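A short reminder: the numbers here are calculations on the coordinates, not readings from a lab. No experiment lies behind these values; they were computed from the predicted model shown. Backbone-built Cβ (ideal geometry, glycine too); neighbour counts: all protein chains shown.
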Amino acid sequence: MFLRKNSNFIIYSLSILLLLFGVLFRVYNLNLDTFWWDEILRFWVSDPTITLKETLLRGQAIDSPSIVVSHSIFNLTLKYFYKIFDYTTTTGRYLSVIFGILSFIIITIISFEFKNKNSFILLLFLSSCNVYLISASQEMAVYSMLIFF
């Protein structure tokens with residue numbers, strides 16, 4: 001009985017530790033690099049002072065026709081994120097961080113529904129320490145939002 005309770009404590013402690021590491025990896029050195037060219041364009045497109053129509057027109061001007069829908073949704077989300085918070089280059093990447101953190105939490109919750117209840121630890125580790133998911137969360141790009149949805 002004692003071993004079972006101790007085992008649950010270890011599993012929950014490990015999962016909380018992995019969640020904290022996943023958040024730390026996504027936030028650490030978030031604005032260390034300057035904007036890439038595509039991030040500068042997203043910043044220009046999602047200007048909260050322009051109209052909705054102008055935002056959509058700017059987005060169509062810089063995107064290829066095959067990706068306009070996903071990028072338009074991201075641009076509009078970013079536009080309203082800028083309206084709520086501040087229209088600066090540093091706050092734009094926080095939206096991607098939020099989607100990145102939510103995505104690995106959702107992945108973990110979904111994996112908890114598997115038959116083996118402890119398999120979520122492995123998936124939590126893989127999703128919180130994945131270099132691609134971390135770098136996608138640190139760019140002001142649509143990748144982390146797509147992974148979330």
Next item on the list: In nm, give the distance between the simple-model label positions of T90 and Q60, each being 7 Å from the Cα along the Cα-to-Cβ direction.
Entry: 3.6
Margin query: Run the simple label-point estimate for I106 and K83 please: 7 Å along Cα→C-beta, distance reported in nm.
Written below: 2.2
Checklist line | Dipole magnitude of the chain about its Cα centre (Cβ charges: Lys, Arg +1; Asp, Glu -1), debye to nearest 20 | finding: 640
Note to self: Taking just the alpha carbons, could you work out the radius of gyration and Dmax for the range 94-149, both in angstroms?
What the structure shows: 11.5, 36
Checklist line | J(HN,Hα) series, the range 99-114, from Karplus relation 6.51 cos²θ - 1.76 cosθ + 1.60, nearest Hz, glycine and proline x | finding: 5, x, 5, 5, 5, 6, 6, 5, 4, 5, 5, 5, 5, 5, 7, 5
Next item on the list: Before anything else, pin down the relative contact order of the range 26-149: Cα pairs under 8 Å, at least 6 apart, normalised by residue count, whole percent.
Entry: 32
Item checked: Folded to 0 to 90 degrees: helix 119-128 orientation relative to the chain principal axis, Cα -> 40
Item checked: At 1.306 mPa s and 10 °C, Stokes D of the chain from Kirkwood alpha-carbon radius, µm² per second -> 95
Margin query: Suppose only helical runs count, i.e. DSSP H with n ≥ 4. What mean residue ellipticity at 222 nm does that imply for the chain under -39500 (n - 2.57) per run, divided by all residues and rounded to the nearest 500 deg cm²/dmol?
Written below: -23500 deg cm²/dmol
Note to self: Suppose each label sits 7 Å from its Cα in the direction of the beta carbon; what would the I73-N29 distance come out to in nanometres?
What the structure shows: 3.2
